[in-house]
1. Which whole-number percent gives the relative contact order of the chain, counting Cα pairs below 8 Å spaced six or more residues apart?
2. How would region 89-195 be classified by its alpha-carbon gyration tensor: rounded, prolate or oblate, with rounded meaning a/c under 1.5 and the a/b versus b/c comparison settling the rest?
3. Once both labels are modelled 7 Å past Cα along the beta-carbon direction, what's the residue 246-residue 594 spacing in nm?
4. So what is the relative contact order for region 349-459, in percent, with contacts set as C-alpha pairs under 8 Å and at least six apart?
5. For an R0 of 30 angstrom, estimate the FRET efficiency from the Cβ-Cβ distance between residue 735 and residue 795 and round to the nearest 0.05.
6. What is the calculated FRET efficiency for residue 637 to residue 584, with r their C-beta to C-beta distance and R₀ = 30 Å, to the nearest 0.05?
7. Using the Cα gyration tensor of region 651-786, with a ≥ b ≥ c the square roots of its eigenvalues, what is the shape: rounded (a/c below 1.5), prolate (a/b larger than b/c) or oblate (neither)?
8. Mind running the shape call on region 624-676? Use the C-alpha gyration tensor, a ≥ b ≥ c as the square roots of the eigenvalues: rounded below 1.5 for a/c, prolate if a/b tops b/c, oblate otherwise.
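Please treat every number below as a calculation from the coordinates, not as lab data. Source: prediction; values computed, not measured. Don't worry about glycine lacking a Cβ; one is built from the backbone with ideal geometry, like all the others, and counts go over all protein chains shown.
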């Protein structure tokens, strides 16, 4: 047992282990100053809420207040480890500026009111619009941070009660392409792989996935494999020199927007060198001939010109993939938020299918999520899907959902797929959507082209409801603000990126009169008097466990089958992976074993789309292509990006995250350890570009695009030449003198992937100019991908305020500590 500064050492102490061995336990513990473990009144089971890893933890409670967290040693996901955001982020719950009472706009100002007044206004405006304009005037935009029970209730209210097709989540910004890529290849959502594949893989390929900062505990697992015997080889595809790139066997840094060209070259090499499991491909896939034809001319020399990556490095990467015995592939925002997003992510699926590497230990695909409950929005139908991975274009599946809800099938809109967020905003812009209910997200900072977003959200004809825990930039624009309870203050379940379901029990009361999101949604439904076919209340549950039991009925027989789970089963031990049912009572580690897919035409969630236009395939087309329900090898032609550099805008701008913050900093910006580690926005530029311009570390730059500008201090980093990086977290809520130019999304473009509808944050043409010399380094962290290339910059540390106890117990030999 020992203590360590977990700001300075984000991944903690190594515990090396070999292939096939059990990952050693390390329990991380953080308590408020002056509190020891024996002074804690109770430890309440939960899991992490500031990323998608889903690490099991216990919440420490003393005197009715959250005072710390402890990793759960028994949990399959983290074996006791926690990341910096989770070790310190709980302090946001106790922030003095939490929303504690409803607010309503009167004479242009938000003023305090009571729940009756606030909810009467929300339900009253909904009823008025339904009578005047119908359900298409109502839109819902939710988050990836609520609980399963809340998403399912919201989906029932919106789709089954009100009858609107306009419902999406901010998962559109982070995980929409993950879902789309899985649907294109497997005709259904659901991760084929498992986090335990890290324990067995001999090659791990990370495509646009800075796991070291976005899923710190999962990266810790890889670091521990690298510290043990027979470590895996790592392939990293990223334009920045991330911690993943530093640990990689091969690092490919392609020009932003060229991912499909790179992937096609890798596929070309696999086929050219016969690194293909033809028996697996012939038995379990369709589309091989089309794929081979598409990539026949895409050799590494061709891709090298497009991607600005050495051809020999592409060949070496292909050899690594082609000779792997157990290959794990992971994908995240570097692909999802860039040009040809779905097409690129699908090609990663194609690599594993060609190699026959699915459904067994060490062989998997993780089309990752960015948020803790992003998977639940997709399962429950609170984003661009129907609940239970039902197919909106399959009348029988819609009828089955109507049976579960006891409504007429025509009440559930299915004339097209549910409306994606970017289209919803256009409907608000043109006036057809007049009511927008935003829960748990902050579009006034997180969406592209913020000047446009502010104009949309402040239209006088729009009634904007915001349900949140702080007065965010978006809440400040609302007509009604509803104060919500957050993690630790309510009970519910959530599911991580490898299908692991965790229970989070209520530990403390929410502040003031704040209410759980579930309670607010149920109140809303009751005020709307939503009924089923028999005249009974549409929402039949009154608490979280009742909602979970109802969800189990909805999931029965579908791929995401929860029928074998219960609150009692989830208490006391580890999380459990779905499907969990009578056939798999202990959960399912790998799906698609032995070529058993969920892609049969009558059962599948999606018939797929054209990767260029996004046009959906109809049932006849899909059945003709894939009558036996196999996996689909879907080819994609490389197309040039929409916003290439010009003499006026010579750089390519990419945005992203840093290890120490989450989304728009509504929580992490209020936590001193995290905020001090990354206190203000910065811009990254390569050493070559900085030298050519005569700029130095810390210089104040103005970054501009046709949409806006941002001022940020320069960090000279290991990013590829010709590319700028801005973290997107920094909004305006903590700006004492009004909105400074620091939100990266002032610059990003209103454009999205045709298939997943995910906005493209990572390939916009931009200009940069110096407006003042530095005099001091940028405040960017030195422990992350933002590490400076030069010396003399103070290392990012947390000091005594960031010390965390690590307990290995008897699980690690002395030499591995």
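1. Relative contact order, the chain: 21 percent.
2. oblate
3. 4.6
4. 12
5. Plugging the Cβ-Cβ distance into 1/(1 + (r/R0)^6) gives 0.65.
6. It comes to 0.15.
7. rounded
8. Cα axes put region 624-676 in the oblate bin.
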